1. Using a 10 angstrom cutoff on alpha carbons, build the Gaussian network for chain A and name the most mobile of A:VAL88, A:VAL268, A:VAL69.
2. Of the listed pairs B:LYS10/B:LYS40; B:LYS10/B:LYS74; A:LYS15/A:LYS174; A:LYS46/A:LYS224; B:LYS118/B:LYS142; A:LYS143/B:LYS118, which have alpha-carbon separations greater than 31 Å here?
3. Can you find, among B:SER52, A:VAL88, B:ILE15, the residue sitting farthest towards the positive end of the charge dipole of the protein assembly as shown, where Lys and Arg contribute +1 and Asp and Glu -1 at Cβ?
4. With springs connecting C-alpha atoms under 10 Å apart, model chain B as a Gaussian network and identify which of B:PRO209, B:PRO112, B:PRO61 has the largest mean-square fluctuation.
5. Under 14 Å from the Cβ of A:VAL236, count the other residues' Cβ atoms, weight Lys and Arg +1, Asp and Glu -1, and hand me the total.
6. Shape of region A:1-91 from its Cα gyration tensor (a ≥ b ≥ c, root eigenvalues): rounded if a/c is under 1.5, otherwise prolate when a/b > b/c, or oblate?
7. Using +1 on the beta carbon of Lys and Arg, -1 on that of Asp and Glu, and nothing else charged, what's the dipole of chain B about the Cα centre, debye to 20?
8. What's the Kirkwood radius of region A:8-219 in Å, using all Cα pairs?
Amino acid sequence: MSVEAPAIELRGLRKTYGTAHALDGVDLSVPAGSVFGFLGPNGAGKTTTLRILTGLARATAGEARVFGVDVADAGNDVRARIGFLPDVPGFYDWMTAREFLRFAGSLFGVTGATLDERVEALLDLAGLTGVTTKVGGYSRGMKQRLGVAQALINAPSLLMLDEPTSALDPIGRKDVLDMIVSLAGKTTVFFSTHILSDVERVCDQVAILDSGRVVVQAPIDDLKARYGAQKMVVEVTGGADDLEQRFAREPWASAVARENHTLTITVVDVDAARHAIPTAVAGQGVGLVRLEGGEVSLEDVFVELVGGER
Amino acid sequence: MRGFGAFLGKELREIVRTWRIWVLPGIVLFFALTGPPLAKVTPELMKSFVASQPGVVFQLPEPTYIDAYAAWIKNLSQMMVFAVIIIFGGLVTSETKSGTAVLVLTKPLSRPAFVLAKFSGALILLIGSIAAGVLATWAVTKVTFGVAPIRLLVETTGTWLAFGVLLLGVMTLVSAWQSSQAGAAGLGIGVWFVLTLLTLWEPAVHYSPAGLAGAANAVLARTGADLMWPLVTGAVMVGVCVAAAVGVFSRREL
């Protein structure tokens with residue numbers, strides 16, 4: 001096992017159910033130490049990928065490696081290094097949070113003072129220190145926080161979270177995201193979701209999965225810069241209506257949107273646009289207030305990459 | 001087998017701290033505490049009923065401890081069989097359905113250890129419940145009839161317990177295979193029905209686990225029935241069922 005091995009590496013991963021392709025050749029590399037967002041619409045294959053990585057399901061073809069070890073052969077060796085929170089975690093309702101954490105630790109062979117210390121630290125992290133009621137009486141948010149805490153009981157090298165915030169209210173979401181943010185730099189976090197703002201907030205790298213395929217993988221800033229360069233915002237003192245019609249006819253523009261005196265142009269040739277826009281504005285005899293590359297959100301990137309067919 | 005001890009510990013604590021501690025032991029103790037008094041008063045009840053029917057003469061021998069033991073075995077052979085099938089139909093399915101299996105099996109708990117711990121926990125519950133029932137039956141029979149040979153009661157109940165463990169093995173397999181408790185219970189009832197049906201065929205009674213289905217009554221009646229083959233083949237069938245449960249569950253996607 002190499003120290004430099006990616007935390008997760010998927011090569012041509014396929015999973016079929018009858019004639020349906022849940023995963024259709026997924027290639028992915030998650031660097032160790034990253035907080036990695038695994039984005040995709042519902043049904044894209046995120047949960048299936050995580051089920052294969054955790055040994056809950058078997059791949060039809062391809063390879064899934066965790067820290068260089070093939071999960072199909074590894075069994076407990078891999079599971080001992082990971083922490084996992086499923087999308088709908090099931091707890092033993094008759095246990096308290098402390099009892100569940102102690103039980104989870106015992107499955108990893110964590111005992112004695114180490115277990116005591118970790119249980120107290122994780123109860124604190126999850127905000128459940130003073131809670132003595134049984135898990136069956138917990139809110140969804142409390143269960144999710146306990147879910148993250150139990151996934152950390154073995155001090156995992158890789159923490160995998162499947163849609164950890166999808167069913168939570170804003171406060172519950174914030175609590176869970178704060179927990180994830182606090183783990184940055186301490187462990188690799190692989191975090192599946194369809195909530196784009198969550199990824200923007202906590203992740204440094206992202207992959208977008210659609211219809212069982214990874215359509216893009218990159219650091220978030222690179223991704224936004226790459227797609228942001230294709231938008232230009234032009235603010236003028238007047239004549240925006242005429243300019244909108246003129247730009248819409250230009251071969252370097254694919255779309256133009258106007259809001260008062262501001263035009264947002266989707267460009268296919270940035271160099272041509274940079275030359276043509278000031279010329280057009282001057283030719284129109286109006287003042288140029290602002291010309292800049294548009295701010296693009298991850299949502300814009302996501303919609304552009306996977307939204308076109310929907 | 002990593003995680004077996006920790007998970008078995010969870011199973012035992014779960015038995016003590018949930019409804020499980022009340023249902024099976026409760027049923028057993030109900031039969032144990034009510035069987036001997038009912039055996040004692042049943043002839044009197046029958047006589048008083050028949051006395052109201054003109055022209056009918058009804059004679060019954062005085063009830064003895066044998067009647068109390070027979071009532072205990074009858075209850076085990078009928079009601080307890082269904083209780084075992086229904087309760088243990090959820091042995092594995094309850095964990096797969098609630099999502100708890102996913103949470104524990106993504107930790108270093110092997111699937112064989114998971115299944116074997118579930119079987120072991122249920123076995124301890126079954127044996128413990130029956131042992132408590134034997135003690136209660138013996139005590140109440142002693143009080144009711146003044147005589148209660150413990151050895152006969154233990155031998156008779158032990159023979160039924162062999163059948164109960166056989167059913168537990170079957171339920172472990174079908175619960176590991178099926179996705180719902182109802183489906184597992186349905187299959188369990190089917191297996192019980194087949195075993196009961198096989199008791200009509202003499203070779204099956206002598207040489208197969210089916211011989212355990214009615215063996216407790218034979219022991220109580222001291223017919224001298226040879227139970228070696230039913231016990232041996234029954235033990236083999238339990239082993240095969242549990243091994244098959246491990247195999248089925250290990251291949252199952254969750």
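1. Sorting by GNM fluctuation, first place goes to A:VAL268.
2. Violating the 31 Å Cα-Cα cut-off are B:LYS10/B:LYS40; B:LYS10/B:LYS74; A:LYS15/A:LYS174; B:LYS118/B:LYS142.
3. Value computed over the given set: B:SER52.
4. B:PRO61
5. -3
6. Cα axes put region A:1-91 in the rounded bin.
7. About 780 debye.
8. Computed over Cα pairs of region A:8-219, the Kirkwood hydrodynamic radius comes out at 17.4 Å.
Where a number appears in this text, it was derived from the coordinates with a stated rule and is not lab data. Worth saying up front: this structure is predicted, and the values here are computed from it rather than measured. Using ideal geometry, Cβ is built from the backbone for each residue, glycine included, and neighbour counts are taken over all protein chains shown.
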